[in-house]
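The values are calculated or read from the model by the stated rules, or taken from the named source; none is laboratory data. The structure displayed is predicted, hence computed values, not measured ones. With ideal geometry, Cβ positions are generated from the backbone for all residues, glycine too; neighbour counts draw on all protein chains shown.
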Amino acid sequence: MRTGQYLKQPTGYTAFVPGSLPPDPAVKVDAKLTRLLSDADWALGRLDGIATVLPNPDLFVSMYVRQEAVLSSQIEGTQSTLEDVLQFEIDSKGQDFPKDIQEVVNYVGAMNYGLQRLKTLPLSLRLVREIHAKLLAGVRGSNRTPGEFRTSQNWIGPAGCTLANATFIPPPVHEMQVALDNFEKFLHDDLLPLLIQCGLAHAQFETIHPFLDGNGRVGRLLITFLLCQKRALERPLLYLSHYLKRHRSEYYDRLMSIRNDGDWEGWLKFFVRGVHEASREAAETARNILRLREEHRRTLSENLAKDKIAATPYDFVFLEYLFEQPIVTVRLAEQHLNCVFVTANKVIERFVKLGLLDEMTGFQRNRRFRYAPYLALFESAHQA
């Protein structure tokens, strides 16, 4: 009864109807959870502080958002990689991409849209519906009422299962509406520590399961939106999907333990530990980015001087651009540098010669170049 109850429905199946948040009796913050909260708050603060010293944080944020989109979507079974996303952004029709690539690109769009909307609209059911519409537009699930809460019963379980043998059945529609009203009120509650609120909100959203598809991705987006709205992070650099993917079985088991055993505390310890780990990983990636930037600026300066080539603004502007767009073409460089094609081509050739860029295609025309050392930072940070 602490977290809700299983109720048999008139047609015979049994659905779970969640209780209100915050839990009653209240979450027991014992010594272990207190220590985990302290560690996570410290790591989150360090991460937010590092963001303030990055030379152009917005350039790096775009990569964090893309990587989170890849990892969160992979939890739902997609196969697209970070490089797939970057190449798709350059030319969506230029090569064969995994069929699910648009789902990942939609996730990037939904994240960016939500962060912009938070400037004018507080986190609410309305915003949740808007995010969901962006997430499912034109992809798998687009026939399942994007942007609208469900009006029929759904369930969770292996492919092909039915209500009769589902692993979990969320609340029926009427009870779902009541739970959502309470959920929205809880989003505006400031009485609990923020990370406790984030953990409770994510788990409750997954239990309510208010959409016919896309609940997991929306639920993970909510964590970032809450942290940014409450100003724990100035920029969205913290993402839990790598942690949740790495501990996927425990993730689902912890959610079920809330419903079956009322174990909010076990879930919150798992969740807060994830915030701590993800914050440390993101901070280390940010520090590595800073080191890489300084190393490559130095490499560029030394080699231009060695070859007695006068440094131009183009070289260093282009290096900064690579942190936002690590897969490029000469045409993209030409547009970004606002120079002629020949000049852009010379800049890229210089970067290839210095080992800062790799040509990817092997073609003479329509060549693409990869800023491999930068991409490697994200790959090494998120290896399963």
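Things to note:
- All positions within the stretch 136-167 that are part of a helix (DSSP H, G or I) and free of Cβ contacts under 8 Å to residues at least 60 places away in the same chain: none
- Here Arg248 meets the list (1) under 15 Å from Gly77 (Cα atoms); (2) touching a Phe, Trp or Tyr at 6+ places or on another chain (Cβ under 6 Å) almost entirely, failing just condition (2).
- Subset of the stretch 348-369 [outside any loop (DSSP other than H, G, I, E, B) and out of contact with any Leu (no Cβ under 7 Å at 6 or more places or on another chain)]: Glu349, Arg350, Val352, Lys353, Asp358, Glu359
- Of all residues making up the stretch 91-118, the number that are modelled with pLDDT of 90 or more, out of contact with any Pro (no Cβ under 8 Å at 6 or more places or on another chain) and either farther than 20 Å from Tyr64 by Cα or of a type in the set (A, V, I, L, M) (or both): 6
- Ser80 being out of contact with any Leu (no Cβ under 6 Å at 6 or more places or on another chain), buried (at least 16 other Cβ atoms within 10 Å of the Cβ), assigned to a loop (DSSP other than H, G, I, E, B) and free of Cβ contacts under 8 Å to residues at least 60 places away in the same chain: yes
- When residues of the stretch 168-189 are limited to those that are assigned to a loop (DSSP other than H, G, I, E, B) and at pLDDT 95 or above, the one surrounded by the most Cβ atoms within 10 Å (Cβ to Cβ): Pro170
- Of the residues making up the stretch 354-374, those that are surrounded by fewer than 18 Cβ atoms within 10 Å (Cβ to Cβ) and either among the aliphatic types (A, V, I, L, M) or in contact (Cβ under 8 Å) with a residue 40 or more places away in the chain (or both) number 5.
- Per-region count, the stretch 134-155, residues at negative phi and either surrounded by fewer than 17 Cβ atoms within 10 Å (Cβ to Cβ) or of a type outside the set (A, V, I, L, M, F, W, C) (or both): 13
One line per residue, one yes/no per condition, for (1) touching a helix residue (DSSP H, G or I) at 6+ places or on another chain (Cβ under 9 Å); (2) over 30 Å from Thr3 (Cα atoms); (3) small (Gly, Ala, Ser):
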position: Leu233; (1), (2), (3): yes, no, no
position: Leu268; (1), (2), (3): yes, no, no
position: Arg291; (1), (2), (3): no, yes, no
position: Glu294; (1), (2), (3): no, yes, no
position: Ile327; (1), (2), (3): yes, yes, no
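- Residues that are in contact (Cβ under 8 Å) with a residue 12 or more places away in the chain and outside any helix (DSSP H, G or I), drawn from the stretch 317-347: Phe323, Glu324, Gln325, Pro326, Ile327, Val328, Thr329, Cys339
- For the stretch 308-323, a residue qualifies if it is out of contact with any helix residue (DSSP H, G or I) (no Cβ under 6 Å at 6 or more places or on another chain) and modelled with pLDDT under 90, and the qualifying residues are Lys308, Ile309, Ala310, Thr312, Pro313.
- Residue count for the stretch 263-295, restricted to those that are at pLDDT below 95 and over 30 Å from Leu319 (Cα atoms): 0
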